1. It is to be established whether one or more residues within the stretch 115-125 are hydroxyl-bearing (Ser, Thr, Tyr) and under 13 Å from the mean Cα position of the chain (by Cα).
2. Restricting to the stretch 63-95, count the residues that are among the polar types (S, T, N, Q), assigned to a loop (DSSP other than H, G, I, E, B) and in contact (Cβ under 8 Å) with a residue 60 or more places away in the chain.
3. Could you tell me which residue of the stretch 235-264 is nearest to Ile142 (Cα to Cα), considering only residues that are charged (D, E, K, R) and touching a helix residue (DSSP H, G or I) at 6+ places or on another chain (Cβ under 7 Å)?
4. Residue pairs, Cβ under 9 Å, 6 or more apart or interchain, first in the stretch 108-126 and more than 16 Å from Ala144 (Cβ to Cβ), second open to solvent by less than 40 Å² (accessible area, probe 1.4 Å) and assigned to a helix (DSSP H, G or I). List them.
5. Take the residues in the stretch 102-126 that are in a helix (DSSP H, G or I) and of a type in the set (Phe, Trp, Tyr); name whichever of them is surrounded by the fewest Cβ atoms within 10 Å (Cβ to Cβ).
6. Please count how many residues of the stretch 258-284 are within 29 Å of Ala73 (Cβ to Cβ) and in a loop (DSSP other than H, G, I, E, B).
7. Of the numbered conditions (1) part of a loop (DSSP other than H, G, I, E, B); (2) within 24 Å of Ser97 (Cβ to Cβ), Glu44 satisfies every one except a single condition; which is it?
8. Confirm whether Gly129 is at pLDDT below 95, surrounded by fewer than 19 Cβ atoms within 10 Å (Cβ to Cβ) and in a strand (DSSP E or B).
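The values are calculated or read from the model by the stated rules, or taken from the named source; none is laboratory data. Everything numeric in this text was worked out from a predicted model, so none of it was measured. Positions of Cβ are generated from backbone atoms using ideal geometry, with glycine treated the same way; all protein chains shown enter the neighbour counts. Note: accessible area is taken over every heavy atom of the protein model, side chains too, but ligands, DNA and RNA are not part of it. Shrake-Rupley method; radii C 1.70, N 1.55, O 1.52, S 1.80 Å.
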Amino acid sequence: MAREGDLLLAGVVVLYHPDEEVFDNIKRYRKALDILFVLDNTEEPSEYTAQFFSTFSNVQYIAFHQNMGLSYALNYALKAASKYTYLLTMDQDSYFSEEMLAKYKLYITQCENDPFFSDIAMYSVHYSGLKVKSNENKRYVISAITSGSILNVRIAKTLGGFDENLFIDEVDDEFCYRAKDAGYKVLFFGDVELIHHLGNPRQYSFFKYQFTVLNHGPIRKYYIVRNRLYVAKKFPWIKRYYMKSILKMLVKIILFEKNKGKKIKYIMRGIEDYKNKRMGKYKE
């Protein structure tokens, strides 16, 4: 448990068909937490998974036996972490080194003791693949990814947690936009690094422009487009950015990605379901 002066820090990682590498990732950071909630969205979780986590005194493993989605799992963890001050949210394919997580906790402790930072709803970090200035330590950002972020539990619950209309994708952004509209902030630490993998990225260049294509599968394209339309309507000030992002996605699919027809088909389904207010988990 936490010593006097330490952060009261819980953690949550959401699993979906985890492999041995996922278990190794979790072992790297779970000791730095007072408690880690391991929430398994795998439809038929293996007995090995439950046995593996039962060996750790500060881990609570919960199997849902169905894919409840990311937002549901995060809300479950927020309720379970009520007696803790902060909640670290992790993807199964991400991890911190021991040194980086110690630095992260130190920074938050320093902010905790400074009234200037009393309105921070979420702390976030640099992750592998994200370009930041080498001398950049901390700054406010509009949004941050779920993995590696640390929530102020009290503020997150005041905001109503995460929007369960969003099964996956835009879960983190929507929360950050709602926090911003309520007068809270997201603070980014540029010299704390999370090891994090984003899809199946490939780098391309076109004249002086360089860009990344993430090569998500068709069902993921469905969620991205449907949920961005939903979030754009909810927060009109971000709408123009989201419309441009969807257009860029379509261009990248047509020019660079495989399985173009199926991906565009699922995007059209996403648009149709958004119009008909069919949110949550995708239904055939």
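1. Yes - at least one qualifying residue is present in the stretch 115-125.
2. Qualifying residue count, the stretch 63-95: 5.
3. Looking at residues that are charged (D, E, K, R) and touching a helix residue (DSSP H, G or I) at 6+ places or on another chain (Cβ under 7 Å), I get Lys239.
4. Between residues of the stretch 108-126 that are more than 16 Å from Ala144 (Cβ to Cβ) and residues that are open to solvent by less than 40 Å² (accessible area, probe 1.4 Å) and assigned to a helix (DSSP H, G or I), the close pairs are Gln110/Phe117; Ser118/Cys111.
5. Phe116
6. Summing the residues that are within 29 Å of Ala73 (Cβ to Cβ) and in a loop (DSSP other than H, G, I, E, B) in the stretch 258-284 gives 10.
7. So Glu44 meets the others, but not (2).
8. no
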